[in-house]
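I have placed the structure first, in the form of structure tokens, so that the comments after it can refer back to it.
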Amino acid sequence: MAAPLVLVLLAAVTVRAALYRSSLAAFISERVEVASPLNAWKRVVEGLALLDLGVSPYSGAVFHETPLMIYLFHFLIEYAELVFMITDVLTAIALYLAIQDFNKVVFKKQKLLIELDKYAPDVAELIRTPMEMHYIPLKVALFYLLNPYTVLSCVAKSTCAINNTVIAFFILATIKGSAFLSAVFLALATYQSLYPLTLFAPALLYLLQRQFIPIKPKSKSFWLYTVQYAALYLCSLVVIICLSFFLLNSWDFIPSVYGFILSVPDLTPNIGLFWYFFAEMFEHFSLFFVCVFQINVFFYTIPLAIKLKEHPVFFMFVQITIISIFKSYPTVGDIALYMAFLPVWSHLYRFLRNIFILSCVLVVCSFLFPVLWHLWIYAGSANSNFYYAITLTFNVGQILLISDYFYAFLRREYYLTHGLHLTRQDGTEAMLVLK
Amino acid sequence: GQIYWAKDIIFLVNEHDLLGMEAWLEGYHDVNLTGIRSEGTLGRAGAIQAAIALELSSDVVTSLDVAVEGLDGRLPNLDLLNLFQAFCQKNGLLCTIQGKLPRPDGDSLAAYGHRLQTLLLMVLAQASGRPRGDHGLFLRYRIEALTLRGVNSFRQYKYDMTAVGKTLEGMFRKLNNLLERLHQSYFFYLLPSLSRFVSIGHYMPAVGFLLLVLILKISFWGGTPPLTPCSPQDPQPGLLALVPPVLICHAAGLALYFLPVLGQRVATQHFPVSEAEAVVLTAVAIYVAGMALPHNTHRVVAGGGTDRGWMALKLLALLYLALQLGCLALLNFSLGFLLAATMVPAAAAVTPTGPR
């Protein structure tokens, strides 16, 4: 399996190198869909220039990266393009190894459930075989590396690529079962952009499952493990934040990074849902609506944890998608991360109801983003309503995509335990309906 | 007397037609869009609000002809055209569009035919993307502009420069009194005559219906997706087999876009051809090379032997065509419409025939 992966990596690196040398690189790094105020390369350069002058990089409300990121680029600014290509390669390798391990876990669990006779007798066509799962890790790496969104994000040198790498390593550490590394990477991911905090729940559920600890509120070992994991996570987070304090000798970074993410002061258009609302809103409502919008990201964790407690990796996938749709400054780099996981659920294809229309909607909206931006900003004949219409359609498309996958997953689980041909009490054929 | 001019007026005389105008605009706005090199401008008067390009060949005119289409099919705000027509009527000046005398409004077939002809000529001019006058270059800088041509034909009643001057002064005074950019009226319109217009809400459904043909064809197939491997001889998904034809077509398109310009520089160094000849010969060479392609790409489409293979490729091609025509219609409606009118029937109806 290594040879095809190396081929894919070479192809990806070639595409990125070719684009870096062309005139498109400058054009792409200006696009608002690719570079947000949180992760634009221009702002990193600005922060480094301020740091070189001896002034705090956070004075001036331009720079919103974390101190660890400034110091990373302080030493690597000469090789910036190489750094971003290497982060993409590392993300792909991490996802490849993680999905390889995950496939083994899935297969073992399936075998156990078959032997325990938990499956209905007529579900032979739903059982997954190692043959069909053999190419999935390669497809995941391919989907991440050759996704146009990832390539655009890399060519624009948006630090979203580094966020994706940290999350990919977190997923690898979780699936391998190492609680310590998982907590450390999760703390790093939370430190970078606040929202991966919600990935604590699926990681915990996966590690509990791996240790064969039952998820019951009465069980003592459950609470012991939870407290252990939470302590590891919080201690790593505190250590990283204190380290950042000592790097720059001030707490300036907390309002500039986390205050910025939570209070959304910059209303530059992007592919998210926040900017238009807050541009139209009156001042004294804005606090209420900021809270409502931000709760949207964190709100789905508990219901999903209750429903998907047997399937924590799917829960992680849904949570990553929800983060990239509802976060305050999304970019296409965030979308690329969850799209990389779609081959893992390719066995759900027969239960997906709207996949064709949704993929058409997503592709059409991606093409219409630059057209309507041009009509609005350069030709002056459209206005922000048109651009927000495309943003809304794009996000609705993503939400419908993830709900489709969620429903297909639950449907398959139901069929596995109750059989493919459902009958009612009197023997007539029944239909499965989601209530 | 009373001072009523609140804004500066720039009187610009340019030579070399469009090149001179573009050189001045680039020098004035200090940008470098086309690589024209010129000496700097003599002075600046701030952001330009509107511009009128005058083409007068004699000092008596029988009518004033207006041209609206600009570069890449852009149009000035309709307010500017209405302004011109209002002042011509006020001063009794005869105003025309596309050089045709105005017909009386009516419901007769001849009047309808005349209006249809004006409309279609405007669609053709807009689709070509060439500016119909020097004003077309101002539109790219968000400056509303018109071209007025003084026509001196064999008519009985001639106007001298005082009438023209009064009209122009009236227009400039109106623009002088404006506090904001022209944005109240339509930016996208089509003109069947000087005093009638068709707004975008009325003409965009035309392109919409053409694309609907494609979308209906796609959804008719999308309901039973040809991409699911339902037949037993289709082990791998057909998606992977669609990639080579798409890549080859894109490579051919990129070659056609970049190679003639590159070839122009290289060929004149090594071969005894002029630059125009080099461009034409490179394009011809790419087409000749392309004639070799369909035979090869036909073999590359793995599902070529079965019914499913070409249907999947056609589905993808129709989707791509609908998407591109839609984006193009948003940017330059006339070009999108003309391309859709020619390509949609052919694309929707095509099926492969002949030996497999």
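The values are calculated or read from the model by the stated rules, or taken from the named source; none is laboratory data. Everything numeric here is computed off the predicted structure, so don't read it as measured data. Glycine gets a Cβ as well: all are built from the backbone with ideal geometry, and neighbour counts include every protein chain shown. With ligands, DNA and RNA removed, areas are computed over all heavy atoms of the protein, side chains included. Shrake-Rupley method; radii C 1.70, N 1.55, O 1.52, S 1.80 Å.
What to note about this one:
- Per residue value of the accessible surface for chain A (all protein chains in place, 1.4 Å probe), Å²: 47
- Pairing chains A and B buries close to 1300 square angstrom of accessible surface in total, based on protein heavy atoms and a 1.4 angstrom probe.
- Cleavage-rule hits, GluC sites (Glu not before Pro), the stretch B:139-196, DSSP coil, Cβ neighbours within 10 Å at most 14: B:Glu180
- Using the Cβ-Cβ distance between A:Ala430 and A:Met281 with R0 = 60 Å, the FRET efficiency computed as 1/(1 + (r/R0)^6) comes to roughly 0.80.
- The stretch B:131-182: C-alpha gyration tensor shape, a/c 1.5 cut-off, then a/b vs b/c: oblate
- Reducing the stretch A:143-215 and the stretch A:266-310 to their Cα centroids gives an inter-centroid distance of 21 Å.
- Cβ crowding within 10 Å averaged over residues, with B:332-338, B:343-349 ranked highest first: B:332-338, B:343-349
- Heavy-atom accessible area order for A:Tyr135, B:Tyr141, A:Tyr388, B:Tyr157, largest first, 1.4 Å probe: B:Tyr157, A:Tyr135, B:Tyr141, A:Tyr388
- Taking every DSSP helix (H) stretch of at least 4 residues in chain A, weighting each as -39,500 (n - 2.57) and dividing the sum by the residue count yields a mean residue ellipticity at 222 nm of -21500 deg cm²/dmol.
- Each helix, a run of at least 4 DSSP H residues, gives -39500 (n - 2.57); summed and divided by the residues of chain B, these come to -17500 deg cm²/dmol at 222 nm.
- Relative contact order of chain B, pairs being alpha-carbon contacts under 8 Å that are 6 or more residues apart, as %: 20
- Across chain A, Cα pairs under 8 Å and at least six residues apart give a relative contact order of 20 percent.
- The phi torsions of the stretch B:124-130, fed into the Karplus equation with coefficients 6.51, -1.76 and 1.60 and a -60° offset, translate into couplings of 4, 5, 5, 5, 5, x, 8 Hz, rounded to whole numbers, with Gly and Pro shown as x.
- Here A:Arg411 sits with roughly 50 square angstrom of accessible surface, probe radius 1.4 Å.
- Residues B:Gln85 and B:Leu179, FRET efficiency given R0 of 35 Å [Cβ-Cβ distance, rounded to 0.05]: 0.95
- Rounded tilt (10° steps) of B:161-177 against the dominant C-alpha axis of chain B: 70
- Remark: the stretch A:1-418 carries a charge dipole of roughly 1300 debye about the Cα centre, counting +1 on each Lys and Arg Cβ and -1 on each Asp and Glu Cβ.
- Accessible-area value, A:Phe298, 1.4 Å probe, nucleic acids and ligands omitted, Å²: 70
- Full extension of the chain between A:Val238 and A:Trp41 gives 68.2 nm of extra length, using 0.36 nm per residue less the Cα-Cα distance.
- Of B:Tyr186, B:Tyr112, B:Tyr203, the one that fluctuates the most in a GNM where chain B has Cα springs shorter than 10 Å: B:Tyr112
- Given charges at Cβ of Lys, Arg, Asp, Glu: the stretch B:17-194 dipole, positive-most of B:Ala53, B:Val31, B:Thr118: B:Thr118
- For the set B:Thr353, A:Thr91, the ranking by accessible area, highest first and with no ligand, DNA or RNA atoms included, is B:Thr353, A:Thr91 under a 1.4 Å probe.
- Gain in span if fully extended, A:Asn354 to A:Ile306, counting 0.36 nm per residue against the direct Cα distance: 14.7 nm
- Summing Cβ point charges (Lys, Arg +1; Asp, Glu -1) relative to the Cα centre of chain B gives a dipole of roughly 740 debye.
- Lys/Arg +1, Asp/Glu -1 at C-beta; the stretch A:1-418 dipole; positive extreme among A:Leu392, A:Tyr195, A:Leu138: A:Leu138
- By the rule of a C-alpha distance below 14 Å, with chain neighbours fewer than 8 residues away ignored, the aspartates and glutamates paired with B:Lys7 are B:Glu169, B:Glu180.
- Note on surface exposure: A:Trp251, A:Trp373 rank A:Trp251, A:Trp373 by accessible area, highest first, 1.4 Å probe.
- Prolate/oblate/rounded call for the protein assembly as shown, Cα gyration tensor, a/c under 1.5 rounded: prolate
- Sequence-distant lysines (8 or more away, or on other chains) whose Cα lies within less than 17 Å of A:Lys111: none
- Area accessible to solvent at A:Asp117, 1.4 Å probe radius, in Å²: 130
- Cα centroid of the stretch A:368-394 to Cα centroid of the stretch B:134-167, whole Å: 34
- Per-residue mean of C-beta atoms belonging to partner chains within 10 Å, peptide B:324-331: 4
- Using the Cβ of A:Ser366 as centre and a radius below 13 Å, the other residues enclosed give a net charge of 0, where K and R count +1 and D and E count -1.
- Mean separation of Cα contacts under 8 Å (6+ apart) over length of the stretch B:1-103, as relative contact order %: 19
- For the protein assembly as shown, the carbon plus sulfur part of the accessible surface works out to 67%, probe radius 1.4 Å.
- Each DSSP beta bridge with both residues in the protein assembly as shown is either parallel or antiparallel, and the antiparallel ones are about 55%.
- Within the same chain, aspartates and glutamates fewer than 8 places from A:Lys309 are excluded, and of the rest, those with a Cα less than 18 Å from its Cα are A:Glu413.
- Of the trypsin sites (Lys or Arg not before Pro) in the stretch A:58-140, those whose Cβ has at most 12 other Cβ within 10 Å and which sit in DSSP loop: A:Lys118
- Chain B shape via C-alpha gyration tensor axes, a/c threshold 1.5: prolate
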